[in-house]
Amino acid sequence: MPWKRNSRMFKEARNLSLLLEDVAGNAEAKAMLKDMISFIKNPDKYADVGARMPRGILFYGPPGTGKTLMAKAIAGEAGVPFYACSGSDFMQTYVGVGASRIRELFKTAKKAEKAVIFIDEIDAIGKKRGRGPGASHDERDQTLNALLAEMSGFHDRDGVVVIAATNRLDTLDDALTRPGRFDRLIEISLPDVNARQKILTLHASDKPLDESVDLTALAKSTVSFSGAMLENLLNEAAIFAANENNGTKVFINQTHIDKAFFTVIAGAEKTDTSFITEEDRKITAFHEAAHALATRLLLPDSYISKVTIIPSTRGAGGFSLSIPKDTLYMTKEKLLANIKILLAGRAGEEIIFGEEKITTGASNDIEKVSTQMVNFISTYGMDEDFGIFNMNVLANGNSFSAGTSEARLVDLCRDRIKLLYHETRELISNNITDLKKIAAELLNRESLNHEDIEALLSS
Ligand code: ADP
Ligand code: ZN
């Protein structure tokens, strides 16, 4: 569609009644956005004390998880206009058009004084620059430069915030995420069972369900569905029900839901993860439960902020996130505990499923363990046998024995890791009841926080 200067190209919706409560789940993301809402409402409050707020927020996560919805809700909460566009809108045949569209968009938003600008699919203009002949892309560069220039032109007392969204964080140009640009990164993840139930309830509120439909059960059976897929599921079911309507009042029943389920699954992208088997879920649950259990046993001071078996955009089957207690130095004891916590995932798999059934799920852990062990020995000088010596001083090539020393270091690292792995396996085996408790709860609820685990294990 050719671009006309006087066309109203940016959708604006002033009477947004959408609020954060209309976005189910994503509690962590919401907590990270509270101060932004307060800033848009009252930028002076922050400028008065010399606080510089982030102007660009980047939402990343799988498609259909409510990134657009969340951006709208921020505008709704702050009571300001919302201007939405998509990165692909700016990719025009004529060089310069994208850049001038960007300037136009910001001009409109600044006129409103306070506003949320939302740019979906930011990767279309902010992709990493390619190398080699033919890789240059003037149009994209000009558009990106215009965007960055506009963003650095904000004053501290302007209540304008730019929110960008992407499903592909890994492809973004680093220039976009530098300080002063999109420097607040917020992950919007797939909903867990609890959030799925909330999303279903939300979207079922205007649909007559008959008593054969159990939303709790439906939430359980829609593992790795995005919010959009859940919405779609109910909508398709409603269409099936309406098709049967011949004058009498119809309700959406379980048969409609079942039919809709397959429509939605069939339409889902290949890249998404709706096809995780029950077996995979179980393995992930024991793997993550073991990380969490080891954290609790070895570093009781640290806070387990989240353990989940919902796959993350980072490609892991699940993940556990713990916040270590703030300290200036790391002790030997803590370094070793960290390594064991990383090894615990593999140990948990082995104990429950057997040595033959261990999976590739631990590869990321193994990489971290290896790095940490090398540092432990050759940077921190903490290994008794190896002594106090830094291997890096040999890397300059001024020693002919560097090669053999490296081989020795590798052998030593593997020895030490083997021993630690053995100890970790013992630790997990000795606490197998707790491991099973956490894993079962993970299979049931999909994600747990610190309090959940404490409550579970103290009961
Ligand atoms: P994204 O921008 O992440 O691709 P959208 O915000 O466009 O996803 O979501 C598409 C639709 O899916 C929304 O309009 C809404 O109906 C539904 N949806 C997605 N996530 C949620 C959620 N967390 N809570 C409620 N509805 C959701
Ligand atoms: Zn792991």
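The values are calculated or read from the model by the stated rules, or taken from the named source; none is laboratory data. These numbers come from a predicted model, not from an experiment. Here Cβ is always computed from backbone atoms with ideal geometry, including for glycine, and neighbour counts include all displayed protein chains. Ligands, DNA and RNA are excluded from the accessible area calculation, which covers all protein heavy atoms including side chains. Shrake-Rupley method; radii C 1.70, N 1.55, O 1.52, S 1.80 Å.
Taking the Cα centre of the chain as origin, sum charge times position over the Cβ atoms of Lys and Arg (+1) and Asp and Glu (-1), and report the length of that vector in debye to the nearest 20. For this selection, approximately 1600 debye. Within the chain, what whole-number % of the accessible surface is contributed by carbon and sulfur, with the 1.4 Å probe and all protein chains included in the calculation? Ligands and nucleic acids excluded, carbon and sulfur give 52 percent. A cut-off of 5 Å between modelled amide H atoms, ignoring neighbours fewer than 5 places along the same chain, links S86 with D120.
Per-residue Karplus couplings for segment 279-288, computed as 6.51 cos²θ - 1.76 cosθ + 1.60 with θ equal to phi - 60°, are listed in order as 4, 4, 4, 5, 4, 4, 4, 6, 4, 5 Hz, Gly and Pro entered as x. In the chain, taking the dipole from charged Cβ atoms about the Cα centre, the farthest positive-side position among L69, I163, N364 is held by I163.
When ligands, DNA and RNA are left out and all protein chains stay put, how many square angstrom of accessible area per residue does the chain have with a 1.4 Å probe?
Values: 24010 Å² over 459 residues.
Value for the chain: 52 Å² per residue.
By how many degrees, 0 to 90 and rounded to 10, does the Cα axis of helix 254-267 deviate from the longest principal axis of the chain? Compared with the principal axis, the helix lies near 80 degrees. Take the residue pairs K30/K306; K259/K282; K128/K282 and return only those whose Cα atoms are more than 25 Å apart. Distance filter (> 25 Å) returns K259/K282; K128/K282.
When the listed pairs K127/K334; K45/K334; K67/K334; K45/K67; K41/K67; K127/K418 are checked against a 32 Å cut-off, the alpha-carbon distance exceeds it for K127/K334; K45/K334; K67/K334; K127/K418.
With one equal scatterer per alpha carbon and no solvent term, the Debye-computed log10 I(q)/I(0) for the chain at 0.11, 0.14 1/Å reads -1.08, -1.32. Between the residues M229, T201, A290, the greatest Cα displacement towards the positive end of the dipole of segment 184-299, with unit charges on the Cβ of Lys, Arg, Asp and Glu, is found for A290. Taking a ≥ b ≥ c as the square roots of the Cα gyration tensor eigenvalues, segment 326-459 comes out prolate, since a/c reaches at least 1.5 and a/b is larger than b/c.
Rg over Rh for segment 15-92 works out to 0.99, both radii taken from alpha-carbon positions and Rh defined as the Kirkwood radius.
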